[in-house]
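Inspection log for the structure reproduced underneath, given as structure tokens.
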Amino acid sequence: AAVADLAGRHVVVSAGGTREPLDPVRYLGNRSSGKQGYALAATAAARGARVTLVAGNTELPDPVGVDVVPVGTARQLREAVLKAAADADAVVMAAAVADFRPAVYTTAKIKKVEGREPEPIVLVRNPDILAELSADRARPGQVVVGFAAETDDVLANGRAKLARKGCDLLVVNEVGEHKAFGSAENEAVILAADGTETPVPYGPKEALADTVWDLVGPRLAENHR
Ligand code: C5P
């Protein structure tokens, strides 16, 4: 957009996938490309916002005019997002945060032992950053946005997730083998806590990003500008 409607605002965007290490050379990761989060950061900057981009794993170049904070694990992402959110008007969690991490990190590389089966990998839950941000807003009126990639019952699961997480907006998209991951395009429905639903037709991730900011803008607290 040519309009600097986010001027004077600080927005925090998380993007990319987290990596949860098993040992110094191995990790559990996911297929997130980071493209949607980077598009959100770039469009917010183009609309005049000061942008902090907390970036998990991605191959993408830093967007111009954006403050990039690189992170590895979900717990590192949590620390960086909470720190940046302290003075933010809006936080958009586009990162693919690992729900689970290996219970044990082995400081030396795990080795195969002749004649013995490998140890099973035990997982523990990671903190839910979106739920935490929504429950303990760093500022009154801070707008919190989440993403939900669903493979089935997309809308029903999305509505339930919006309520469970407690965020203001949830961008729900259907994922599958050939949908969303790594692609430059996306199709989504943006669910709002007030019950409104905004369908976003299949198109560039920048267009979806602009629609997110269009919905965030009017929800921003006036007293923080
Ligand atoms: O629960 P699920 O992973 O489907 O939720 C997706 C949304 O929650 C995304 O916005 C993601 O960034 C966020 N999330 C989070 N912390 C987690 C898992 C997901 O903030 N541990």
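Within the range 118-155, the only residue that satisfies the criterion of being of a type in the set (Ser, Thr, Tyr) and either away from the ligand (no atom under 12 Å from the Cβ) or under 19 Å from Gly217 (Cα atoms) (or both) is Ser134. Across the range 84-109, the number of residues qualifying as of a type outside the set (Gly, Ala, Ser) and loosely packed, with under 15 Cβ neighbours inside 10 Å comes to 8.
Picking from residues in the range 84-112 that are among the β-branched types (Val, Ile, Thr) and outside any loop (DSSP other than H, G, I, E, B), the one that is farthest from the ligand (Cβ to nearest atom) is Val91.
Residues in the range 168-199 that are over 23 Å from Arg31 (Cβ atoms), within 16 Å of the chain's Cα centre (by Cα) and not aliphatic (A, V, I, L, M): Asp168 alone. When each of Val145, Val189, Val154, Val171 is tested for being surrounded by 14 or more Cβ atoms within 10 Å (Cβ to Cβ), in contact with a Cys (Cβ under 7 Å, 6 or more places away or on another chain) and not polar (S, T, N, Q), the lone residue that passes is Val145. Does the range 67-76 contain any residue that is more than 12 Å from the ligand (Cβ to nearest atom), part of a helix (DSSP H, G or I) and surrounded by fewer than 20 Cβ atoms within 10 Å (Cβ to Cβ)? Checked the range 67-76: at least one residue is more than 12 Å from the ligand (Cβ to nearest atom), part of a helix (DSSP H, G or I) and surrounded by fewer than 20 Cβ atoms within 10 Å (Cβ to Cβ).
So is Ala207 away from the ligand (no atom under 15 Å from the Cβ), at pLDDT 95 or above, among the hydrophobic types (A, V, I, L, M, F, W, C) and over 23 Å from Val71 (Cα atoms) or not? Yes; evaluated as a whole, the condition is true for this residue.
The values are calculated or read from the model by the stated rules, or taken from the named source; none is laboratory data. Please read all numbers here as calculations on a predicted model, not as lab measurements. Reconstructed Cβ throughout: ideal geometry from the backbone, glycine too, with neighbour counts over all protein chains shown.
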